[in-house]
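Student: Structure below; questions to follow.
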Amino acid sequence: MTKLRTALALIPALVAGMAVAGPAFARAPEVSVRPLARPVAEAPVARAAVAGPATALAVSVSPRPLQRPDLARAVAASVTVTPPRVVMVSASAAAVRLSPRPPARPENIERRTTVRAAGVRTQPGLPLLTGRRGSVCGLVAIQGETVAPIPGRISGCGIDDPVKVTSVSGITLSQAAIMDCTTARALNAWVDQAVVPAVGRLGGGLAGLKVAAHYSCRTRNNQPGARISEHGKGRAIDISALILKNGVQITVLKGWDDRDHARLL
């Protein structure tokens, strides 16, 4: 009973308090204020003004950074090739120049035979041209004269188109030798490609060839009844010695077994 009486006594005080607080609760907003929208990113500077009692404070928002350029695509799109084989890359204002490709290797650097022969040659080879005065068999390197056809006194001998050769590749023969043009060209090639490089600078170089025999209408080894010798057909020439510029002669007879010249021969 005592508690009930105490509660009833408090009711008038609660009612009085609600009457006092009523006007204040009536002014409270029913919905919370919505915040301002975020400034647009594309705008250079967004400003939101907050009013104050005396001044306004401006809030600046930094713009979004620009997209990084695609440098690889820019470089690929701006590559230009200009002769002679120089690549220009103009991705930026400062162009980058690449070193030009070196020229192709000369073909004659691979020809070891030509280089080796040129290193030991003592006399310049004559150019292989045709129609020059004093040359025969269509090569200016073969000097001599043409002669009349030579009939054979033995069946099987003779030369239809003989030539009398005096020098080949600038090397003088000790005597003019009669032969056909096939033999003359073979003699010229042998001297130019084999004899001159083999002699090299020995004794100052090769000066001449000592001819022991050339055209001769005879049988092999002058044997009766034997076949016709190649000499009887103008297809052979015998060389018995190499004559050097210092006057020394390297003979086949003595030099073949000589300690100094055997290897050369």
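Read-outs: derived from the displayed coordinates by stated rules, not from any lab. These numbers come from a predicted model, not from an experiment. Cβ coordinates were reconstructed from backbone atoms using ideal geometry, including for glycine residues, and neighbour counts include every protein chain displayed.
Student: What does the extension gain come out to for LEU253 and ALA176, with contour length at 0.36 nm per residue minus their alpha carbon separation?
Tutor: 25.5 nm
Student: So what's the net charge close to ALA207: Lys and Arg +1, Asp and Glu -1, counting the other residues with Cβ under 13 Å from its Cβ?
Tutor: That works out to +3.
Student: Just add up the charged neighbours of LEU187: K/R +1, D/E -1, any other residue whose Cβ is under 14 Å from the Cβ of LEU187.
Tutor: So the environment of LEU187 carries a net charge of 0.
Student: Can you pull the one-decimal nm distance between simple spin-label points at SER240 and GLN223, each 7 Å off the Cα toward Cβ?
Tutor: 2.3 nm
Student: Can you pull the one-decimal nm distance between simple spin-label points at LEU265 and ALA37, each 7 Å off the Cα toward Cβ?
Tutor: Each label point is offset 7 Å from its Cα along the Cβ direction, giving 11.6 nm.
Student: Here's a follow-up. Less than 12 Å Cβ to Cβ from ARG218, Lys/Arg counted +1 and Asp/Glu -1: what total charge do the surrounding residues give?
Tutor: Neighbourhood net charge equals +3.
Student: What fraction of the Cα pairs in segment 130-265, stated in percent, has a spacing above 23 angstrom?
Tutor: For segment 130-265, the fraction of Cα-Cα distances above 23 Å is 39 percent.
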